[in-house]
Amino acid sequence: MLRAETLRSFTWAPWPVLFSLAGVGLILSAGDAGWATLPAFCGGGTARMLVGLDWLDALKLALAINPPGRLLMDWAVMLLAMMPPLLAAPLMHIWRSSLQRRRVRAIAVFVVGYSALWMLAGLILIGAALLLQLLAGQEAVAFVVALLLAILWSASPWQRIALNRGHRLRRIGLFGWAADRECLSFGLVHAIWCIASCWAWMLAALTAGPWHVPAMMFAGAAMLGERLKLPEAARWRWPAPFSQFFCWQHRAVRHG
């Protein structure tokens, strides 16, 4: 469970700005401006029809129903809704490590590198979500499978390794193109470990159908809880949502 001092720190910069950006993404995801999911595949009948086709015809029909440009736009909105709070530590590191006149530029370069890799990862994750929905035939089945996969990954030592690597901060120069290059490199490397640790939660949110906004909120909270933990030994453990619940239960019993 998050400690009281951690919750209080959410009122300090940059947390209010990051949570506000995530809120904008959630609002866009809930409206017509961006669904951040695969709405045309929500119906079980549509998925079963596609399963009955060969893969080439199914892919053509899938892209006709969900144009790639719209899917990538929705994915960008989804990233806006879920990623900003996860970037508090690296953004503060860049802010403190850069000259005052270069801070905005340094953060922008970092975000460009980070976002570019996540957009590329979106191509793979969207394809995986489409495939899972095709194989499951029903939106609820696809979501349950993806959610179980996310919980299993959250409990694995390999996810802990990626989280530990994501805690590492890199040197940021002060001047010229070398500083920009280091900010860009930091964004790319941080994105690699962020993708490695978060991909399963993002896949679960992609397959949530009409529950995509609650699913994004739940997955975002799980990822933030994982990110706020200090680095620890890579081993099998309770996944983030369960560990938070058991911690709360233990504290309630102890103070009850």
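Phe143 meets the conditions (1) modelled with pLDDT under 95; (2) buried (at least 20 other Cβ atoms within 10 Å of the Cβ); (3) closer than 15 Å to Ala233 by Cα in every case but one. The failed one is (3).
Only residues that are of a type in the set (Val, Ile, Thr) and more than 20 Å from Leu125 (Cα to Cα) were counted across the stretch 161-201, and they come to 2.
Could we say that Ala205 is more than 24 Å from Ala30 (Cα to Cα), out of contact with any strand residue (DSSP E or B) (no Cβ under 9 Å at 6 or more places or on another chain) and small (Gly, Ala, Ser) here?
no
Here is a list: Leu26, Leu50. Which entry is at pLDDT below 85 and crowded, with 19+ Cβ neighbours inside 10 Å? Checking each option against the conditions leaves just Leu50.
Does Trp177 satisfy the criteria of being of a type in the set (Phe, Trp, Tyr), in contact (Cβ under 8 Å) with a residue 60 or more places away in the chain and out of contact with any Pro (no Cβ under 8 Å at 6 or more places or on another chain)? The answer is no for Trp177. Cβ separations smaller than 8 Å between residues 6+ apart or across chains give the following pairs from the stretch 120-143 residues that are farther than 19 Å from Gly69 by Cβ to residues that are among the acidic types (Asp, Glu): Gln133/Glu139. Within the stretch 176-191, can one find any residue that is more than 13 Å from the chain's Cα centre (by Cα), modelled with pLDDT under 95, more than 26 Å from Tyr114 (Cα to Cα) and part of a helix (DSSP H, G or I)? Looking through the stretch 176-191, none of the residues is more than 13 Å from the chain's Cα centre (by Cα), modelled with pLDDT under 95, more than 26 Å from Tyr114 (Cα to Cα) and part of a helix (DSSP H, G or I). The combined condition, being in contact (Cβ under 8 Å) with a residue 12 or more places away in the chain, out of contact with any Lys or Arg (no Cβ under 9 Å at 6 or more places or on another chain) and closer than 19 Å to Met73 by Cβ, is not fulfilled by Met223. Restricting attention to the stretch 94-114, the residues that are in a helix (DSSP H, G or I) and surrounded by fewer than 17 Cβ atoms within 10 Å (Cβ to Cβ) add up to 9.
Restricting attention to the stretch 197-236, the residues being outside any helix (DSSP H, G or I) and within 19 Å of Arg165 (Cβ to Cβ) number 8.
The values are calculated or read from the model by the stated rules, or taken from the named source; none is laboratory data. Everything quoted here is computed from the prediction, not taken from an experiment. Neighbour counts run over all protein chains shown; Cβ positions are idealised from the backbone, glycine included.
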